[in-house]
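Chemist: Starting off with a structure, shown below.
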Amino acid sequence: MSKVALVTGGSRGIGFGIAEKLAAEKWDIIINGVRDEAAVAEPLAKLRAAGVKVGYARGDVGSVEGRNAILAAVKAFTGGASINLLVNNAGVAPKVRADLLETSEESYDYVVDTNLKGVFFLTQAFAREMVAAKKADANFFGCIVNITSISATVVSINRGEYCIAKAGFGMLTQLFATRLGGEGIPVYEVRPGVIKTDMTAGVTDKYDKLIAGGLCVQPRWGFPDDIGRSVAALARGDFPFSTGQVIMVDGGLTIPRL
């Protein structure tokens, strides 16, 4: 019987890198995004080329209406059954990088509503379904993987709302790992470093120079494929006794050095 994964924000960047790796391992995939389905035809086709079933769940994780739309689309795809894997990847950056003393409440709400509040309630909804599925069938496999950021602990004072949301997201992992541990549903956190995606396109020159200057122990950018590989390993169950743990995928950026 095939297993189904939902990857939020899965049509591009890190999310698509994750979806590609899961599809290669024969997971049926539902990707989520906010664009019309016609606008994501190319990534959907690429995933289907792996010979798996692929669906699209359009909806904004940061709104109640968006989350309800995602849940409905997933139910339609699975025929009412629970998904096996939830990958919480969708996120937004501040529209304007502003000094901490100038951060607006509007920007704070925009970032936190998607990157933390929305993730909490989406996870809650799917966790309930996974628990019910596990109780109905002891062999049911359920797993949650949260894609956070080194910004959970590495300070950027020109995007404080993003750092706060990612730090809270890390605690969200700990909370759900603890709640679901007795249910046999592991929860993990993957914490990327500097990854080359459309979100970092505007700061490419900055990070090119920092990486060349020794920012990372491994002197290169990270890529979506790096994140995809780590999620695929967790989804295979390669870390069965490690629920709640953080998998760093940052090229050694956060290793304290002199």
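The values are calculated or read from the model by the stated rules, or taken from the named source; none is laboratory data. The model shown is predicted, which means the values in this text are computed figures rather than measured ones. All Cβ positions, even for glycine, are placed from backbone atoms using ideal geometry, and neighbour counts span all protein chains on display.
Chemist: Consider PRO256 against the criteria (1) in contact (Cβ under 8 Å) with a residue 40 or more places away in the chain; (2) outside any helix (DSSP H, G or I); (3) not aliphatic (A, V, I, L, M): it satisfies all of them except one. Which criterion is unmet?
Modeler: (1)
Chemist: I've got another one for you. Of all residues in region 45-69, which are closer than 10 Å to VAL34 by Cα and either β-branched (Val, Ile, Thr) or over 19 Å from the mean Cα position of the chain (by Cα) (or both)?
Modeler: VAL61
Chemist: When ILE157 is evaluated against the numbered criteria (1) surrounded by 14 or more Cβ atoms within 10 Å (Cβ to Cβ); (2) touching a residue at least 24 places away in the same chain (Cβ under 8 Å), which criterion, by number, is the only one it fails?
Modeler: (1)
Chemist: Here are some residues: ALA57, ALA73, ALA49. Which one is among the hydrophobic types (A, V, I, L, M, F, W, C), at pLDDT 95 or above and surrounded by fewer than 17 Cβ atoms within 10 Å (Cβ to Cβ)?
Modeler: Numbers: ALA57 fails: surrounded by fewer than 17 Cβ atoms within 10 Å (Cβ to Cβ); ALA73 fails: surrounded by fewer than 17 Cβ atoms within 10 Å (Cβ to Cβ).
Every option except ALA49 fails the conditions.
Chemist: Going by what's in this entry, would ARG179 be described as surrounded by 15 or more Cβ atoms within 10 Å (Cβ to Cβ) and of a type in the set (Lys, Arg)?
Modeler: Numbers: surrounded by 15 or more Cβ atoms within 10 Å (Cβ to Cβ): no; of a type in the set (Lys, Arg): yes.
Answer is no for this residue.
Chemist: Of everything in region 182-221, what is surrounded by 14 or more Cβ atoms within 10 Å (Cβ to Cβ) and of a type in the set (S, T, N, Q)? Give them in sequence order.
Modeler: THR197, THR200
Chemist: Checking the structure you have, find out if any residue of region 86-102 is surrounded by fewer than 22 Cβ atoms within 10 Å (Cβ to Cβ), within 21 Å of PRO240 (Cα to Cα) and of a type outside the set (Ser, Thr, Tyr).
Modeler: Scanning region 86-102, I find no residue that is surrounded by fewer than 22 Cβ atoms within 10 Å (Cβ to Cβ), within 21 Å of PRO240 (Cα to Cα) and of a type outside the set (Ser, Thr, Tyr), so the answer is no.
Residue-wise test of (1) closer than 30 Å to LEU47 by Cα; (2) in contact (Cβ under 8 Å) with a residue 60 or more places away in the chain.
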position	(1), (2)
ILE147	yes, yes
GLY168	no, no
ILE185	yes, no
VAL190	yes, no
ILE195	yes, yes
LYS206	no, no
VAL217	no, no
ARG229	yes, yes
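Chemist: Here is a further query. Show the residue pairs meeting these rules: Cβ distance below 9 Å; 6+ apart or different chains; first residue within region 232-249 and without any contact (Cβ under 8 Å) to a residue 24 or more places away in the chain; second residue buried (at least 16 other Cβ atoms within 10 Å of the Cβ) and not in a loop (DSSP other than H, G, I, E, B).
Modeler: Qualifying pairs under 9 Å: ALA233/ILE247; ASP238/ALA232.
Chemist: Going by the structure shown, is LEU101 free of Cβ contacts under 8 Å to residues at least 24 places away in the same chain, farther than 19 Å from ILE29 by Cβ and not in a loop (DSSP other than H, G, I, E, B)? Lay out the reasoning, then the answer.
Modeler: Numbers: free of Cβ contacts under 8 Å to residues at least 24 places away in the same chain: yes; farther than 19 Å from ILE29 by Cβ: yes; not in a loop (DSSP other than H, G, I, E, B): yes.
Yes, satisfied.
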